[in-house]
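Presented below is the structure to which this report refers.
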Amino acid sequence: MTALLRFDDLSKSFFGVSAVDGVTLDVPEYGVLGLIGENGAGKSTLMNMVGGVVEPSGGRMLWRGEPYAPRDAAEASARGVAFIHQELNLFFNLTVAENLFVDGFPKRFGLIDRGAIRRRAAELMEALDLDVSPDALIEDLSAGERQLVEIAKALHRDADLIIFDEPTTSLTPRETVRLFEVIGRLKAQGKTIIYISHVLGDVAALCTHIAVLRDGTLVEAAPAEAFTIPRMIHAMIGRELSGLFPARTARPAEETVFSVAALSQPGVIEDVSFEIKGGEILGLFGLMGSGRSELARILFGLDSHQGGAIAIDGRPLSGGARERIAAGLAFVTEDRRAEGLMMDAPIADNLSLVSIARFGRTPFAMIDTEAVEADTAAIADQVRLKAGNIRRQPAKSLSGGNQQKVVIGKWLMQNPRVFILDEPTRGVDVGAKYEIYVLADRLAAAGGAVLFISSEIEELMGVCDRILVMSQGEIVGGFDAPPFEQSAILSMAFRQAA
Amino acid sequence: MSEPARSVPRPLPVAGPGGAGARSAPPGIGRADGARAHGIAAGARHGILARLSRRAGDLLLSDYFVLYLSLAYVLVLLPFLPTLSNPANLSNVLSNMWPLLVVAVGQTFVLTIAGIDLSQGSVIGLASVVGGALLAVGGSGAVLENAPLWGTVLTEEGGPLAGVPYGLLVGIVAMLVTGAIIGLINGVSVAYLNMPPFMVTLVGLIGIGAFAIWLTQSENIRPLPDSFVELGKGDLVSVYLGAQDEPRIPRRQIYSFVTYPMVIALLIAIGAHLLLSRTVFGRYVYAIGANRRAAEISGVPVKRIIVAVFIISAVCAAAGSILYSARLEAGRPTLGEGAFLLDVVGAVVIGGTSLFGGKGKIIWTVWGVLFFVLLSNTLNLMNLSSFHIDMVKGGVILAAAMLDVLRTRLMRERAI
Amino acid sequence: MGDLLARLLLKNATALIFAGVVLLFYAQAPHFLSVENFANIVKQSSFIGISAVGISFVLLTRGIDLSVGSVMYLGPLIAGFAMRDLGIGVAGGLVTAAIAGIAMGALNALFIVRFNIAPFIVTLATLFFFRGAGTWMTSSRQFDFDRSLLDFGLSSVAGVPVPVVFFVVFVVLAHIVLSRTTFGRQIYAVGADPEVARKAGVRVEFVKARVYMISSGCAAVAGFVLIAQIGRLDVAFGEGREFDVIAAAVLGGVSLFGGIGSALGAAVGALLIQTVKTGLVFTTVNLYLQPIVLAGVIFAAVLIDSLRVIRLRATRKRSIRPLTR
């Protein structure tokens, strides 16, 4: 078996933090390589280097034995790499055929040869067994059909290597089956495929080879026959956990603080129910695309839901974010940059944003500047913010961990009853992670309820009293008390795999 | 992507070696790192050049940059335009400044939430007509006979408030309410109906302007009561610069200094400054401009604030209309037409309030207005036609927008 | 059901408004519905129509061009000077106007694409800048054209008046460019998502720069065609027309949010605007009232556009789980 693509001691670090560390791996020609690993294991960075989006900081890649160093996506594409992203890169207002040719149309008499692009599109549709007119607009297609159009694009460019990044998250079971048939056919046609997925059953069924990444390094790579699902899970985990998490100081109380009953929204979540007691940290584990962040947005009133009820201390919640904040809810979103912080504004202004109304003095709600200064300084201390002058320094000058402390701090100023933390340690270094865990524990110790949403199992195991597992918009099960077993949680999250 | 970028902590700002001897910079802002100011002088990375570029950057980001710019502008032009420094001219510059300042203060709020209000000019026209129609103390059927207002609101005896106790107050309130209603419509369209601000207010500019013109069939309404005119022209302190031994001073040698418009405009500016910088409302305004989604999630009543901001903008335009109408001694539907828009947007943008939102100060707008009034004044002194003045102003707006891009980039570079 | 109805209404808004407007005027003035009247409307709409087709290119990329009214003035003016001083004739004048327009568009594009300044602020500034330049050239006086221009403007080809010929040619050309060339399809791609377009190998800056040149070029030609029917150019020519032009395009279904619309739609929008204007004259509505009515119509068009886009965004949201039906 020859290698179409070889990673030779390939590394990539961002600002001194390594994302991919010395990976040496062959992508076998005409094979299907399954690439698995937890979030943050380095899969995306590795693939972005193949796709020309990110430049390696060490090592090299070989394409059929030749050095391969694409400067941009176009060059990678010209070499024969097609990258099918989770968010599809299609134009909703163009037809299927036009989407295939958007970077250059065949011409006849100086105009687009519509007959030619239609024929070519029809040919590709046929090859993919897709019953869609080449003239159909993308906006009228289903998610599965759009996915196949992306594959058609790869075929059209005659790509040798097709990378699939979590292709099945928004597909129906039937569409998934069809996708797998297509991938089988692609393989038969002599394409090489890299398949990234959290659905381990799919990976086992589909792939000829499997490579497991963990913390940016390659843990294991072997023909698929050598792997069972438990072995994959074992390879993905395997970190020493002791010392990474603070000891819990609070015990859950008797009374329920936060309750969610039969929450549903078609296409998003289905029949989600749980309760959190005072002083309790409830973990919610879900992989990318499991609906965990969407659930959080619904809980906070940012998106609507059709059925079910949410309550704090027995009082039902309604209205938008503003009403829910007043009722005692706080929400640290997963996208700190876009939704959490005013990056150009001073740290103190960020800290006081949620609670600023409290500092308004009559008349005209003039801000009691001294009180704000005292309170923001106290909160900055409390979250152990490492910053200079918080009244002048903009939020963006902080490290990821300190930015996250600002986000948590701005909610702390409001003394919330219930804290929703969505991926609070994303993009945060190890030391700052520890401090965020300490903060979560203190929130609970103060009698509040904490919903800790994460795709990192270890941290949930380290800080939570209970863990629920979410998959495809549903709560698929839970674990009531430590010690938690990592493989059991992952298996439950991968229930579709079985 | 199936996973987020891995931990990418940003290094904390470290003061560069060049910073130690320079003026004391606030910790952490990264001012000390001169090399980052390459937006000003690319390649100037060492020694004197770096220091100069840093100073230039400091100046550009200073609250008083446009004040310095205005002073420099006057100093450069003075040898060519000696009349510029005549007391009469300076008094004139000041008197032109106040009404524009009132209107520009409103625009500052809108730009700060990353919006724009092109309809202010038409609000000025409509408010002027409303005020004129209500307050007029007489009227000429010969001029206004075709106007819908004639015979319904206005008669030979004037408007309904002529001679009524507190009529002046009611008239002024009516003008302000006119503005508020238009602002409400603009704000609701932008905030709740998701319509683009420049398009909504462009429609307002045309539609409301046309409505004002229709009301009087493009004629002016006069005469207005003296008490109203006083608001636009009345002096509190006048200056006489001539010889002390004259027994009687000719009127034309007395120059207005402290006038009612000055007092009104400064009160409004101070109030707006306090509102924007010291109140909860002001914080919300900045938050929406800085990051609307984060503001929404943080419980800022985003839509209501947007509506309020558009109301403020239109009410400021109406207040400006009071000063302009009073100075003109007439209710005039075409008062804010055409290039007036350039003066307002130009003054605010050159002052430093960003078109990208999240950044704006009333004090900047004060200097921006000063600059624009000086610009108009000097162009007039050069005997340029109004079209040419517009042309120059158009160019200045482009320059201001480029300055905004530069300043924003500079701020970002310094912050990292 | 209600959903479907709303979609249908939003999709066919222009046709519905058109029908409503015609009926309204018919009820007020029955002789409004006549062949001559409509022939007249088509002829009069050609001026706005040509420019509306041009601005559609800009709107399709999520841009805006407020300077068209001034380009309509300055473009033909430069052509007029060239015709007078260089003796290049009407055809030469037309080409000069187009080139002058394209150059003005290039100036807009320079600031928008190269310096990354918001299109509305750039074109607001050049709106005043171009007119100022024109009045500088004429010393704020009216410019009289040679009689030959009027002869050309009032002539007709096979019974079709020259302005209408231009209108039709421009609509057809624009339609072909938008629907049948790589550049045209890339305009739609940029309007749908500039970032994805860039990733797909579209030269976004290049596309954007060209649309502003097209918009200004069309505006200058539109101005020239109208001037050819008047024979002179006064300083207020084209003032405020950017409003009619944008309105025509938006009424014709070209979205202010980019990516949606067609040249044919913009042409229909121009007809609609002119129908309203003519109808207002027919029903002897006060002259000063007409812009108010137009503003109302445009407000409605922008509102419909916004509602349509909100809807579209809602349907484009990624779903976590398949919708069970």
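The values are calculated or read from the model by the stated rules, or taken from the named source; none is laboratory data. Here the structure is a predicted model, which is why all the values come from computation and not from measurement. Glycine also receives a Cβ, built like all others from the backbone with ideal geometry; neighbour counts cover every protein chain displayed. Side chains are part of the model used for accessible areas, which takes the heavy atoms of the whole protein and leaves out ligands, DNA and RNA. Shrake-Rupley method; radii C 1.70, N 1.55, O 1.52, S 1.80 Å.
Comparing B:L241, B:W150, B:F356 along the charge dipole axis of chain B, the residue lying farthest to the positive side is B:F356, per the Cβ-charge model.
Evaluate peptide B:383-396: per residue, the Cβ atoms of other protein chains within 10 Å of its Cβ; return the mean as an integer.
Numbers: counts 0, 2, 6, 3, 11, 5, 2, 8, 11, 3, 4, 13, 5, 2.
Counting Cβ atoms of other protein chains within 10 Å of each residue's Cβ and averaging gives 5.
By the Cα gyration tensor, chain A has an equivalent ellipsoid whose semi-axes, rounded to whole angstrom, run 43, 26, 24 from largest to smallest. Largest GNM mean-square fluctuation across C:V157, C:V177, C:V68, computed for chain C with C-alpha springs under 10 Å, falls on C:V157.
Tell me the volume per residue, in Å³, of the convex hull enclosing the alpha carbons of the range A:3-236. Display every interim value, and only then the final one.
Details: hull volume 29.4 nm³, N = 234.
Per residue, the Cα convex hull of the range A:3-236 comes to 126 Å³.
Taking a point 7 Å from the Cα of A:R358 along the Cα-to-Cβ direction, the residues of the range A:432-475 with backbone N closer than 19 Å to it are A:439-450. Per residue of chain A, the DSSP helices (runs of n ≥ 4 H) give a summed -39500 (n - 2.57) that works out to -9500 deg cm²/dmol at 222 nm. Of all lysines in the structure, the ones whose alpha carbon falls short of 26 Å from that of C:K43, not counting any fewer than 8 places away in one chain, are C:K277.
If you take the accessible area of C alone, add that of B alone, and subtract the area of the pair, what total do you get in Å², probe 1.4 Å, to the nearest 100?
Details: alone 16330 and 20770 Å², together 33610 Å².
Approximately 3500 Å² gets buried when C meets B.
Cα centroid separation, the range C:153-178 to the range B:126-176: 51 Å. Taken over chain B, the alpha-carbon convex hull comes to 199 cubic angstrom per residue.
All alpha carbon pair distances within the range A:343-414 were sorted into 5 Å bins beginning at 0; the resulting P(r) in whole percents reads 3, 19, 31, 24, 13, 6, 2, 1.
For chain C, what does -39500 (n - 2.57) per DSSP helix run (n ≥ 4), summed and divided by total residues, give at 222 nm, in deg cm²/dmol to the nearest 500? Intermediate values should be presented prior to the final figure.
On the way: 14 runs with 240 residues, N = 325.
Calculated mean residue ellipticity at 222 nm is -25000 deg cm²/dmol.
Which entries of A:K410/B:K359; A:K107/C:K11; A:K12/A:K43; A:K396/B:K359 have Cα-Cα distances beyond 23 Å here? Kindly include the intermediate steps, with their values, before the conclusion.
On the way: A:K410/B:K359 21 Å; A:K107/C:K11 32 Å; A:K12/A:K43 12 Å; A:K396/B:K359 16 Å.
Pairs exceeding 23 Å: A:K107/C:K11.
What the range A:343-414 shows is 38 Å² of accessible area per residue, with the surface traced by a 1.4 Å probe over protein heavy atoms. Taking θ as phi - 60° and the Karplus parameters 6.51, -1.76 and 1.60, the scalar couplings of the range C:136-151 work out to 5, 5, 9, 6, 6, 10, 5, 10, 9, 8, 5, 4, 4, 5, 4, 4 Hz in sequence order, x denoting glycine and proline. Take the accessible area of chain A alone and of chain B alone, subtract that of the pair, and you get about 4400 Å² summed over both chains, using a 1.4 Å probe.
Relative to the longest principal axis of the Cα atoms of chain B, helix B:340-351 runs at roughly 30 degrees. Compute the long axis of helix B:65-77 from its Cα atoms, compare it with the longest principal axis of the Cα atoms of chain B, and write down the angle in degrees, 0 to 90, nearest 10. For B:65-77 against chain B, the angle is about 70 degrees.
Using alpha carbons only, how many angstrom separate the centre of the range B:387-416 from the centre of the range C:217-242? So the two Cα centres are separated by 31 Å.
With r as the distance between the Cβ atoms of B:I270 and A:S142 and R0 = 45 Å, compute the FRET efficiency 1/(1 + (r/R0)^6) and round to 0.05.
My answer for the efficiency is 0.15.
For chain B, the longest principal axis of the alpha carbon atoms and the long axis of helix B:120-135 meet at an angle near 30°.
Here's the thing: no lysines lie within a cross-link span of B:K233, going by alpha-carbon distance under 24 Å and ignoring same-chain residues fewer than 8 apart. Note on chain B: GNM, Cα springs under 10 Å; of B:E230, B:E219, B:E296, the largest mean-square fluctuation is that of B:E296. Note on the range C:12-313: with neighbouring protein chains present and a 1.4 Å probe, carbon and sulfur make up 66 percent of its accessible heavy-atom surface. Taking the charge dipole of the range A:391-471 about its Cα centre, with +1 at Lys and Arg Cβ atoms and -1 at Asp and Glu Cβ atoms, the residue from A:G427, A:V407, A:G448 reaching farthest to the positive side is A:V407.
Please report the antiparallel percentage of the DSSP beta bridges confined to the protein assembly as shown, to the nearest 5. In the protein assembly as shown, DSSP labels about 60 percent of beta bridges as antiparallel. Build a GNM of chain B with springs between Cα atoms under 10 Å apart, and of B:N186, B:N220, B:N194 the one that fluctuates most is B:N194. All alpha carbon pair distances within the protein assembly as shown were sorted into 10 Å bins beginning at 0; the resulting P(r) in whole percents reads 2, 8, 15, 19, 20, 17, 11, 6, 2, 0, 0, 0.
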